[in-house]
Amino acid sequence: MSDIILETRDLTKHYGGVHALEGANFQIHKGEHVAIMGDNGAGKSTFVRQITAVEQRTRGEVIFDGKPVHFAGPIEAREAGIETVFQNLALADDLDVPSNLFLGREKVKFNLGPFSILDRKAMREATMAGLVKTGVKIPNIMNPIRNMSGGQRQCVAIARTAAFHSKLTIMDEPTAALGVQETAQVENIIKTLKEQGESLILISHNMRQVFDLMDRIVVFRRGRICANLNVRDTDPQDVVAYITGAKTGAEYADAV
Amino acid sequence: MSQNSHGIGGLTFDEKKKVRAPEWNVFFALILIVAIFEALGFMLQGQSFLFDSAGRFDSIFNEARLKIIILQVAIVGIIAIGSTQVIILGGIDLSPGSVVGLTAMVAMSFAQVAEVNGLANPKLMFDGIADLPVIAPLVVGILCGVLAGLVNGALIAYTKIPPFIATLGMMVTARGAAKWWSKGQPISFPTESYAAIGEGMNPVFIFIALAILFHLILTYTVYGKHTYAIGSNEQASRMSGINVERHKVLVYTIAATLAALAAVVLSSKNLTAQAGMGVMYELDAIAMTVIGGVSLSGGRGSIIGTVIGSLIFGVIISGFTFLKLDAYYQEMVKGAIIVGAVVLDQWRQTRASARL
Ligand SMILES: Nc1ncnc2c1ncn2[C@@H]1O[C@H](COP(=O)(O)OP(=O)(O)OP(=O)(O)O)[C@@H](O)[C@H]1O
Ligand SMILES: [Mg+2]
């Protein structure tokens, strides 16, 4: 039994002529926190979308928890244990916080198929309990998300993944739009996940954050992985060199 | 954490200063419109619109007119309950009027009596199919609705045709089928039990019962939650694991089934079915819905709003009759109401996004 929670082999995605992702070989171990870095348009989000089956890949393999997987969609990925905070948040603006937190997996009192009766009180209380841990401030969780600040919305999206135990959490630029305090809160959530031994893939442009929190950095450039660096053996200048293309990892020589 | 607070992180929130539910605004609009007609009534006709001016003691209201208003509204209102769900879902349904026509024809042909005044029913559609129990036309009628809705929903969900086009196709097709069914002949002479469905004030009771049922469903069930979620952000709903396609089929099917129920009530009330029944009902239903505060961009609105919206619609129409204005004016005004409601909706949207 290996301790690799997720592995991709030759994972590739073409959008028509656009080779957004090309031959990605990637591994993450149980309990490991790996950062994915790279310039805008480097293919980071595309990589995430193939793993979580938001889109169907052009070619390649995804091996999750020891088994090759072919999820039909994000819900199957989630049921298998991959929680994702997408870059474009995936919140329903007209719904309140509990409804968003439990979207697609509502707690029900009576199961009547699609007409199952919602357990609104249980969802409200679980939301309170879950959000208090993140330290986010929200005046009234029963208000529609629409009226909340970008940071509050982001925290709701992150709390959604943190509230449910998963084998692997993926966050696509979770702190991109956040203030200092909110960023600290998100980083706290990430630390908590680390303590709980949950694996995490974090996409981020924030060097400090990555060096503070992560174990390993994988750099994407023009759709290819071009470096795989241990945080202890590298420094920000080095990473920038890989991102911009000044340097390429020895084992990725073909990724020019 | 105090009992009435839903805030976290030390931010407080004053329950008493809660924003007024939008349904209240619709309700105030209703009061305002009634007041306007009252004023016009006194100025132009010298009599009250809704209140009893004959000086009777048993009632302060003009019951006859009130009854006419809600009876008029009830049947289209049943359709509007479906339109509300479709529009909250972020879609639109142009087919219910034609589904009414088709369902009325088909259901009525299974509700006919064998003999009229001792002679064989001259309008009998199918030889030997007469005097069936009332359950037969009901089931057949509902099946018509389910079928039309399944086709609408499947086209929209799986072939990604815009709802406007898919349901426009159904609107034309179902109307054609309604005419083809009896080669354009009206179908009449229903059984007593069928005629009982739409008798007297029954349409109103059926409308209210369905409104309550679907209000509860939209508020308290997963179905309702997902309807609002998809209308609010379809992509997010999909990523959250909601089976968006299946849900769309379900909502369009429910909407068409409600139209079929309206058809049963209407044909039973009129004791006859004609292929032209229900023409333009879809627009009236959409108008009621939009007046009731349901946003055409999806995600927002409620059955309560639509019910009040339907009353506003009914009051305006019968207000015009009361002021003895021509039917031509009524139609023109109807058009203006629909456009006006949409303009209002747009304006509410931009104001809402300006606040962000
Ligand atoms: N649906 C699509 N159709 C066509 N091209 C696409 C599509 N999605 C992404 N791309 C292209 O694929 C490339 C990779 O995009 P991706 O979103 O993965 O970048 P990213 O690394 O996440 O960038 P950022 O840091 O800005 O989020 C880009 O050139 C983008 O334009
Ligand atoms: Mg991205």
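A compact table of results
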read-out	value
Charge dipole magnitude, Cβ of K and R +1, D and E -1 - chain B, Cα centre, debye nearest 20	980
Computed FRET value (nearest 0.05) for B:Ala209 with A:His70, which takes r as the C-beta separation and R₀ as 45 Å	0.45
Ordering of B:275-285, A:62-72 by packing [mean C-beta count within 10 Å, highest first]	B:275-285, A:62-72
Per-residue [θ]222 nm for chain B (sum of -39500 (n - 2.57) over DSSP H runs n ≥ 4, rounded to 500)	-22000 deg cm²/dmol
Sequence-separation-based contact order of chain B, relative, with Cα cut under 8 Å and 6+ spacing, percent	29
For the protein assembly as shown, size of Cβ-based charge dipole, Lys and Arg +1, Asp and Glu -1, in debye	460
By average C-beta atoms within 10 angstrom, highest first, the peptides B:289-296, A:90-97	B:289-296, A:90-97
Å² per residue, accessible surface of the stretch A:4-255 at 1.4 Å	41
Label-to-label distance, nm, for residues given as A:Thr244 and B:Leu344 (7 Å Cα→Cβ offset)	5.9
Count, lysine Cα pairs under 12 Å in the stretch A:4-255, 8 or more residues apart or across chains	6
Dipole axis of the stretch A:4-255 (+1 Lys, Arg; -1 Asp, Glu on Cβ), positive-most option in A:Ile170, A:Ile117, A:Gly197	A:Ile117
Dipole in debye (nearest 20) - the stretch B:209-356, about Cα centre, beta carbon charges: Lys, Arg +1; Asp, Glu -1	400
Qualifying GluC sites (Glu not before Pro) for the stretch B:139-241 [loop in DSSP, other Cβ within 10 Å: at most 14]	B:Glu199
At 0.890 mPa s and 25 °C, Stokes D of the stretch A:4-255 from Kirkwood alpha-carbon radius, µm² per second	130
Inter-chain Cβ neighbour average for residues B:298-310, partner chain, 10 Å	1
Kirkwood Rh and Cα Rg combined as Rg over Rh, evaluated for the protein assembly as shown	1.08
Heavy-atom accessible surface of chain B: percent carbon and sulfur, 1.4 Å	67
Residue-averaged 222 nm ellipticity for chain A, from DSSP H runs of 4+ at -39500 (n - 2.57), nearest 500	-9500 deg cm²/dmol
Lys/Arg +1, Asp/Glu -1 at C-beta; chain B dipole; positive extreme among B:Ile88, B:Gly118, B:Phe28	B:Ile88
Test item: A:118-129 mean partner chain Cβ contacts at 10 Å	2
Percent accessible area from carbon and sulfur atoms, chain A, protein chains only, probe 1.4 Å	50
Per-residue ³J(HN,Hα) for the stretch B:277-286, Karplus 6.51 cos²θ - 1.76 cosθ + 1.60, θ = phi - 60°, Hz, x for Gly and Pro	5, x, 4, 6, 4, 4, 6, 4, 5, 5
The stretch B:107-181 and the stretch A:85-160: distance between their alpha carbon centers, rounded to Å	43
Per residue solvent-accessible surface (Å²) - the stretch B:229-341, probe of 1.4 Å	33
Per-residue mean of C-beta atoms belonging to partner chains within 10 Å, peptide B:228-237	6
Set of lysines near B:Lys67 by C-alpha distance (under 16 Å), chain-local residues within fewer than 8 positions excluded	B:Lys269
By average C-beta atoms within 10 angstrom, highest first, the peptides A:45-52, B:210-217	A:45-52, B:210-217
Accessible surface buried once A binds B (1.4 Å probe; total of both sides; Å²)	3100
Given charges at Cβ of Lys, Arg, Asp, Glu: the protein assembly as shown dipole, positive-most of A:Val69, A:Ile51, B:Phe49	B:Phe49
B:Glu38 versus B:Leu119: modelled label distance in nm, points set 7 Å from Cα along the beta carbon direction	5.4
Kirkwood-Stokes translational diffusion coefficient of chain B, alpha-carbon pairs, 37 °C, 0.692 mPa s, µm²/s	151
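The values are calculated or read from the model by the stated rules, or taken from the named source; none is laboratory data. Remember, predicted model here, so these are calculated numbers, not experimental data. Cβ atoms come from the backbone with ideal geometry, glycine included; neighbour counts cover every protein chain shown. These accessible areas exclude ligands, DNA and RNA; they are computed on the full protein's heavy atoms, side chains included. Shrake-Rupley method; radii C 1.70, N 1.55, O 1.52, S 1.80 Å.
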